[in-house]
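Heads up, the thing below is written out as structure tokens.
The values are calculated or read from the model by the stated rules, or taken from the named source; none is laboratory data. Predicted model only: the values in this text are computed from it and were never measured. Neighbour counts are summed over all protein chains in view; Cβ atoms, including those assigned to glycine, are modelled from backbone coordinates with ideal geometry.
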Amino acid sequence: MRTTDSAFRGVIDTTFRDGQQSPLLFDSFKYRLSREDKKNLFFGLVKLGVRNFEFFSPVVSTSEYEDFLAIKKYAEMLQVKSLRFIAHCRCHPQDIEEALAAGFTGLNLYIGMSKQAQQSSHGHSFAKISTLVKKTITDLRTTYPHLYIRFSAEDCFRTPLAAVYRMYDELYPLVNTFGMPDTVGIATPQLVAKRVRELRRRYPKAALECHFHNDRGLALANSLAAIEQGASYIDTSVWGLAERSGITSITALLFNLYYENKNLCKDYSLEVCYPLNVLMGTILKLQVPSSEPVSLTNRTHTAGVHQKAVLNNPHVYEGHDLSIFGVHTNHLFLGPLSGKNIIYYYLREVCYREVDVQQAALIAQKFKARTQEMNKKNRPEKILLELAQEMNLPKRAVRENYLLRRVENCN
């Protein structure tokens, strides 16, 4: 990654805003994160090293307003320095007034400038949008000269660059950061690199923030491309939770930055990544998604060839050291693809049966012949034990102090 170390300033967490818009909250019948959930996640994110947090504007609901106040108070108790709380606001006086009254230290003001937004969202022409935004931000900067202000042209990558320039040129002296949200997830790494490079050149004194949706499965790749070209901030969330198919996952981004340029994530406690992912799983009562690089799934092996190699040396099929990110174990699953090596290991080391390699090979053939029987009630382990009993494999005597030293989690 060729970007300078100083260009990237870190992530902006939006778990408590865009994250709550995720369909997963409905799929899991959670619907919204409770105040206690938010406190726990906030604590985990702070421990990870996150210092910028985006929330809904208080106008969204009384509960969101009260939750923010509670988290702000909780943050004061934690005594963490340099926290920034950003309210996601329309360019509307009520949004802005209520956000400032609630104690937000920054505002993300947004409005759609694409033809689709002009025709079917707010219904304003570009000229009217431009006048409204310029007046709103001018008045705001005059009244609050030290307030952190970000302006984002919603659906930025579907808006002609000339229109973005017309708006951003007017606002350049007034804002701290320009946002580049890929609201509908159409961007590609090539387009992202080109636009970030051009905005970086045109507005050298403004920070650039990028927000990528994963509709094409490119949110992470787009984030890396943006950082390479000089983006200051990337919006992320735990698990990448957000509208539709989500945004960039914070742990996936840090995982990739570590292997591209360790200096880019030197301010983060990477060992917190996996516990944070597990915390979200506990809240939603779901497994950490298999798409998450920082997960135990990324250390789970089912194919016989893989299992044999991993028993001898995990690095044969594990190319990254996930212990850096808090994953300190792996899984070898018994199943239809398991071979004689894992069966030999399982019978000897887990079931404490006297078995040799030839017997394990014979059992493996019989085991594979019964794969159609495997289901939730008739698990592979149960079938394997039945086969072991058919062969009258005797139990091995294992001393208790040996068992206490075991490191495998075989439950």
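Here are some notes:
Rundown of residues vs (1) surrounded by fewer than 24 Cβ atoms within 10 Å (Cβ to Cβ); (2) of a type in the set (S, T, N, Q); (3) closer than 15 Å to L322 by Cα; (4) touching a strand residue (DSSP E or B) at 6+ places or on another chain (Cβ under 6 Å), yes/no style:
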site: R202; (1), (2), (3), (4): yes, no, no, no
site: A207; (1), (2), (3), (4): yes, no, no, yes
site: C210; (1), (2), (3), (4): no, no, no, yes
site: A226; (1), (2), (3), (4): no, no, no, yes
site: L257; (1), (2), (3), (4): yes, no, yes, no
site: K262; (1), (2), (3), (4): yes, no, yes, no
site: V272; (1), (2), (3), (4): yes, no, yes, no
site: P289; (1), (2), (3), (4): yes, no, no, no
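- Boolean, L174 is in contact with a Phe, Trp or Tyr (Cβ under 7 Å, 6 or more places away or on another chain) and surrounded by fewer than 20 Cβ atoms within 10 Å (Cβ to Cβ): no
- Put simply, of S249, S223, S290 the only residue that is polar (S, T, N, Q) and at pLDDT below 95 is S290.
- Of the residues making up the range 179-212, those that are under 19 Å from K134 (Cβ atoms) and touching a Phe, Trp or Tyr at 6+ places or on another chain (Cβ under 6 Å) number 2.
- T143 vs. criteria without any contact (Cβ under 8 Å) to a residue 60 or more places away in the chain, under 17 Å from R17 (Cβ atoms), of a type outside the set (D, E, K, R) and out of contact with any helix residue (DSSP H, G or I) (no Cβ under 7 Å at 6 or more places or on another chain): no
- Residue count for the range 284-334 satisfying the condition of being assigned to a loop (DSSP other than H, G, I, E, B) and over 30 Å from Q20 (Cα atoms): 12.
- Pairs with Cβ under 8 Å, 6+ apart, first in the range 265-289 and at negative phi and touching a residue at least 60 places away in the same chain (Cβ under 8 Å), second small (G, A, S) and exposed (fewer than 15 other Cβ atoms within 10 Å of the Cβ): L284/S28; L286/S28
- Residue count for the range 259-278, restricted to those that are in a helix (DSSP H, G or I) and closer than 16 Å to H328 by Cβ: 9.
- Selection within the range 49-66 - crowded, with 22+ Cβ neighbours inside 10 Å and in a helix (DSSP H, G or I): P58
- Options A369, A360: the member that is buried (at least 16 other Cβ atoms within 10 Å of the Cβ) and either under 30 Å from K262 (Cβ atoms) or outside the structural domain of T251 (by TED's automatic domain parsing) (or both): A360
- Taken residue by residue, the range 182-200 has at least one member that is in a strand (DSSP E or B) and assigned by TED's automatic domain parsing to the domain that holds R17.
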